[in-house]
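Engineer: Can you keep this structure in mind? I'll have questions shortly.
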Amino acid sequence: MTLLPIGGAPAEGGGCGDNCGCGDAGQAYEHDELACGLDPDLAQLLADAGLDPVQVEDIAHLAIEEDLDNGVDVTTVATVAEDATATGDFTAREDGVVAGLHIAEAILSVVCTDEFEVERHAEDGDRVKAGQKLLSVKTRTRDLLTAERSALNVLCRLSGIATATRAWADTLEGTGAQVRDTRKTTPGLRALEKFAVRAGGGVNHRMSLSDAALVKDNHVVAAGGVAEAFKLVREEFPDLDIEIEVDTLHQFREALDAGADLILLDNFTPEETIEAVALNKGRATLESSGRLTLENAAAYAATGVDYLAVGALTHSSRILDIGLDLRED
């Protein structure tokens, strides 16, 4: 696949370069009002993955601008001829699950001043082996080296999240429970990190504070009780799902009687969780949180809860080691 070049400087605040080809593709991913400088096919792949192509492009610009700091890549400019071209292979250094390949392409595309060719050897969500090629890019050597670290930072980070999530998903396979993320994400990268969770076989909790209600312990204190907190949220936002976090079986009964759509069992033991599931009788969706490890995940899943909430997927996952190997043309 050959991607369109991104010519000239981006519009203020991000967006199209001089050779933007978004046109019809913009309609496909419903961003007619927003400028997009990514290749239309790449933008559509991002949209198909549940990502906003304009947001991805803006993150790509931010990453590169941070790395260049209004200057140039002094080492590359000094050591690489301006007209030199090369092929770079993004290669897994260890086994894992890959995520963020199209995002890495987007980062490359905002740097490249000439057309570049992409050969895709893997897809997001694939299990990969050490030494396996994931993506090959042929372009100007200077551009490839300038974009290398920013592309790898994102690709390694997201692949680490996907790899960790896959370990949880494999552990829960066949139990009826799913691993779910939280909002414990890197500021500005939530959409990308939650995409990586999906690529690893997990499911997403709410994306923001506004798309669902989660009544936590501090809300309960502020409102004067579990039932009162639920009542106030239901009155103010009658169409939203309401989840209530509970710390005890007494609070669980209150949340159940109040009519909570989803109840989060915070730091319950497996025995307490079994009791909660029996009391629930299928009325509310149940989610376990706290005290969860890969070692006890199956035990919690066996209680009959629907989700295991694991904030560590996005706040503590180790990166997957991926490198770029250059082949001069």
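Where a number appears in this text, it was derived from the coordinates with a stated rule and is not lab data. None of these values were measured; they are calculated from a predicted model. Don't worry about glycine lacking a Cβ; one is built from the backbone with ideal geometry, like all the others, and counts go over all protein chains shown.
Engineer: Could you name the aspartates and glutamates whose alpha carbon sits less than 16 Å from that of LYS231, not counting residues in the same chain fewer than 8 places away?
Structural biologist: ASP217, ASP239, ASP241, GLU243, GLU245, GLU254, ASP257, ASP261
Engineer: Here is a follow-up. Hey, how many Å between the Cα centroid of the stretch 34-79 and the Cα centroid of the stretch 241-294?
Structural biologist: The stretch 34-79 and the stretch 241-294 have Cα centres separated by 42 Å.
Engineer: Suppose a student asked you for the relative contact order of the stretch 173-315, using Cα pairs under 8 Å spaced at least 6 residues apart; what percent would you report?
Structural biologist: 29 percent
Engineer: Among THR185, THR113, rank each residue by its count of other Cβ atoms within 10 Å, from fewest to most, as a rough exposure measure.
Structural biologist: Going from sparsest to densest Cβ surroundings: THR113, THR185.
Engineer: Cβ neighbours within 10 Å, averaged per peptide: list 232-239, 197-204 in order, most packed at the top.
Structural biologist: Packing proxy ranking, top to bottom: 197-204, 232-239.
Engineer: A follow-up question, please. Students often forget the sequence filter, so: which aspartates and glutamates lie under 17 Å Cα-Cα from LYS133 once same-chain residues fewer than 8 apart are removed?
Structural biologist: The reachable aspartates and glutamates, counting only those whose Cα sits under 17 Å from LYS133, are ASP89, GLU94, ASP95, GLU105, GLU117, GLU119, GLU123, ASP124, GLU148, ASP321, ASP325, GLU328.
Engineer: Of LYS129/LYS194; LYS138/LYS184; LYS216/LYS281, which sit over 26 Å apart, Cα to Cα?
Structural biologist: LYS138/LYS184
Engineer: Rank the residues ILE319, ILE263, ILE59 as a footprinting-exposure proxy: fewest other Cβ atoms within 10 Å of their Cβ go first.
Structural biologist: By the 10 Å Cβ count, ascending, the order reads ILE319, ILE59, ILE263.
Engineer: Where does the chain land at 222 nm, in deg cm²/dmol rounded to the nearest 500, when only DSSP H runs of n ≥ 4 count, each adding -39500 (n - 2.57), divided by all residues?
Structural biologist: Calculated mean residue ellipticity at 222 nm is -12500 deg cm²/dmol.
Engineer: Only helices at least 24 Å long along their axis, Cα-based, and averaging 1.6 or more on Kyte-Doolittle count here, so list those DSSP H runs from the chain.
Structural biologist: The qualifying helices: there are none.
Engineer: To check my understanding: the extent here is largest minus smallest coordinate of the Cα atoms along each principal axis. What are those three numbers for the stretch 173-315, in Å, largest first?
Structural biologist: Principal-axis extents of the stretch 173-315 (Cα, largest first): 38, 36, 22 Å.
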